[in-house]
Amino acid sequence: MTIPLTQEAISAEIAGHRERYGEHLARGGAPSSHPDRAYAPYRGSLLRHPRQPLVAAGDPEMVELTGPAFGVTDVTELDHDLTRQHTGEPLGERITVAGRVLDRNGRPVRGQLVEIWQANASGRYAHRRDQHPAPLDPHFTGVGRCLTDDRGAYRFVTIRPGAYPWRNHANAWRPAHIHFSLFGTAFTQRLVTQMYFPGDPLFAYDPILQSVTDDAARERLIATYDHTLSVPEWSLGYRWDIVLDGPAATWIEEGRA
Amino acid sequence: MTSAPPTAPAPTPPAEPSPTPSQTVGPFYGYALPFTGGGDLAPPGHPDTLTLHGHVLDGAGLPVPDAIVEAWQPAPDGSRTGAPGSLRRDPVTGAVIGRDTVTFTGFGRVATDADGHFTLRTLPPGGVPYISLIVFARGLLHHLHTRAYLHDAPGLTGDTLLARVGPARRATLITRPDGPRTHRFDIRLQSDDQHEETVFLDFG
Ligand SMILES: [Fe+3]
């Protein structure tokens, strides 16, 4: 029988990656916003990252400078409210999560699809493979969709998800998070990520969040409590703005003005 | 009160915002991202329909059963605007009913099955010899872009990207014939003892 990995061992690896990243910056290396795909503290990454460097696809005619379009037929009015998808109210702390989707130039990403999924208040996903023995909530599935408006703004009403255990190492717990999927104007701007809640004591222990070794970049995954978004007698508000990386479809947009 | 200066100072351009980091799609996207008919881009029964299928494999050569493959391509006429309606909804029940049977949206999304296998049914891309793909998976902290070059497509020999990739790895970008109008395209996230890793792309 193999001895399960301890949190201490994983935390030491996390510290090692941070140290090496600090040295990289000290040598004048460029900061990086994204995780290194080869991030051993997240054991699932070991066999699932390319060993070869990516190949530059620098061709101005490339198809990936455009991207899929979504519209009113793809989303219904109720999809942004995860608390109203069943006959009853889900258990948990009702929250509003809102923000804007921007590109690297600060321009709003308009009319694009935002998808979210999350565990329920007890930390359980409505997914057959989630074996965490926390209760399912018959009034909560945990899936939402919306389109960004003309300002690039999105808004969801949901409940605050619970933390949940996983099998990366002994006593591994994911900090509470909401999964997000985003499209830009170009396929190169595609983003799947996770939003976290401020002040979570699990941050330091979690190899998935810590895979973002740049401190400032990691902060950008954490929403801000925003009292102006809180609704009296109803819900607490969190603001989370999202910036899509990658080149935008400027050569198309010139024609759109 | 003095008059305004003759020229207003040029507004300082806002600082370029920093990108939001990627995180893994995780294992539990299955009830959220895949949708009915997600891999069926071609209108049903369309005579030009081609099948693009394969496995997503890891560095041990094992299938990846919790990956998602997304496809994006021009319409057969070369148009690159796509069209809404990939996730068309039933206004009564709210369920995803999928594309109308006419519009070509250019976008597809399929989760791999228990065998790590995915299938897309689509129309030939207009003007380019490839279908653009993105792979997401549990264990993959940042998605990967690649292209499935159709082995029988016109324009394959003159393609600038294929020309830039060495011959050994070039083959990982080109489909293999696998029956009538059927293209096999395996995606290897990591090389193993016997196989080259798929070429993944950086768009800068
Ligand atoms: Fe999760």
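The values are calculated or read from the model by the stated rules, or taken from the named source; none is laboratory data. All of these numbers come straight from a predicted model, not from anything done at the bench. As a convention, Cβ positions derive from the backbone with ideal geometry for all residues, glycine included, and neighbour counts pool all protein chains shown. Note: accessible area is taken over every heavy atom of the protein model, side chains too, but ligands, DNA and RNA are not part of it. Shrake-Rupley method; radii C 1.70, N 1.55, O 1.52, S 1.80 Å.
Using θ = phi - 60° in the Karplus curve 6.51 cos²θ - 1.76 cosθ + 1.60, the 3J(HN,Hα) couplings for region A:201-211 round to x, 8, 3, 5, 8, 9, x, 6, 5, 5, 4 Hz; x is entered for Gly and Pro. Accessible surface of chain A, 1.4 Å probe: 56 percent of it comes from carbon and sulfur atoms. Report the calculated FRET efficiency for B:Thr160 and A:Arg239 (r = Cβ-Cβ distance, R0 = 45 Å), to the nearest 0.05. Once rounded, the FRET efficiency stands at 0.55. Distance between the pseudo-spin-label points of B:Asp100 and A:Leu91 (7 Å out from Cα toward the beta carbon): 4.5 nm.
Averaging 1/r over every pair of different alpha carbons in chain B and inverting the result gives a Kirkwood radius of 18.9 Å. Protein heavy-atom accessible surface, 1.4 Å probe, per residue over the protein assembly as shown: 44 Å². Here the dipole of chain A is about 520 debye; that uses its Cα centre as origin and unit charges on the Cβ of Lys and Arg (positive) and Asp and Glu (negative). For a test of the definition: using alpha carbon positions, the gyration tensor, and the 1.5 limit on a/c, classify region B:91-159 as rounded, prolate or oblate. Oblate, since a/c reaches 1.5 and b/c is not below a/b.
Here region A:15-60 and region B:59-83 have alpha carbon centers that stand 24 Å from each other.
Computed from backbone phi, the HN-Hα couplings of region B:142-154 come to 8, 4, 10, 9, 8, 9, 9, 7, 7, 4, 9, 7, x Hz, rounded to whole numbers (Karplus: 6.51 cos²θ - 1.76 cosθ + 1.60, θ = phi - 60°; Gly and Pro given as x). Summary of the geometry: region A:160-222 and region B:132-194, compared by the centres of their Cα atoms, lie 30 Å apart.
Amide H contacts for A:Leu102 (H built 1.01 Å from N in the peptide plane; partners 5 or more residues away or on another chain; cut-off under 5 Å): A:Val109, A:Ile242, A:Val243, A:Leu244.
Peptide A:94-104 shows a mean partner chain C-beta count of 1 within 10 Å per residue C-beta. Heavy-atom accessible area buried between chains A and B is around 6700 Å² (1.4 Å probe, both sides summed).
State whether region A:7-106 is rounded, prolate or oblate according to the following rule on the C-alpha gyration tensor (a ≥ b ≥ c being the square roots of its eigenvalues): a/c under 1.5 gives rounded; otherwise a/b larger than b/c gives prolate, and the remaining case gives oblate. It comes out oblate by the Cα gyration axes. Evaluated with a Cβ-only charge set (Lys, Arg +1; Asp, Glu -1), region B:35-188 carries a dipole of roughly 340 debye about its Cα centre, given to the nearest 20.
List for region A:16-51: residues with 30 Å² or greater reduction in accessible area, all protein chains versus chain alone, probe 1.4 Å? Flagged in region A:16-51: A:Ser33, A:His34, A:Pro35, A:Arg37, A:Tyr42, A:Leu47, A:Arg48, A:Pro50, A:Arg51.
Of the residues B:Thr122, B:Gly158, B:Phe136, the one whose Cα sits farthest toward the positive end of the charge dipole of region B:35-188, with +1 on the Cβ of Lys and Arg and -1 on the Cβ of Asp and Glu, is B:Gly158. For region B:24-125, the Kirkwood hydrodynamic radius from C-alpha pairs, put into Stokes-Einstein at 37 °C and a viscosity of 0.692 mPa s, yields a diffusion coefficient of 227 µm² per second. Amide H contacts under 5 Å for A:Gly71: B:Gly85, restricted to partners 5 or more places along the chain or on a different chain, H placed in the peptide plane at 1.01 Å from N.
Computed from phi, the 3J(HN,Hα) profile of region A:139-156 under the Karplus parametrisation 6.51, -1.76, 1.60 (θ = phi - 60°) reads 9, 8, 9, x, 10, x, 9, 7, 9, 5, 8, 5, 8, x, 7, 10, 7, 10 Hz, with x in place of Gly and Pro. Remark: the A:Asp226-A:Phe203 segment gains 6.2 nm on full extension, using 0.36 nm per residue and subtracting the alpha carbon distance. For chain A, the calculated P(r), taken from all Cα-Cα distances in 10 Å bins from zero up to the bin holding the longest distance, is 6, 26, 33, 25, 9, 1, 0 percent.
For B:Ala67, the amide hydrogen comes within under 5 Å of the amide hydrogens of B:Thr112, counting only partners 5 or more places away or on other chains and with H modelled in the peptide plane.
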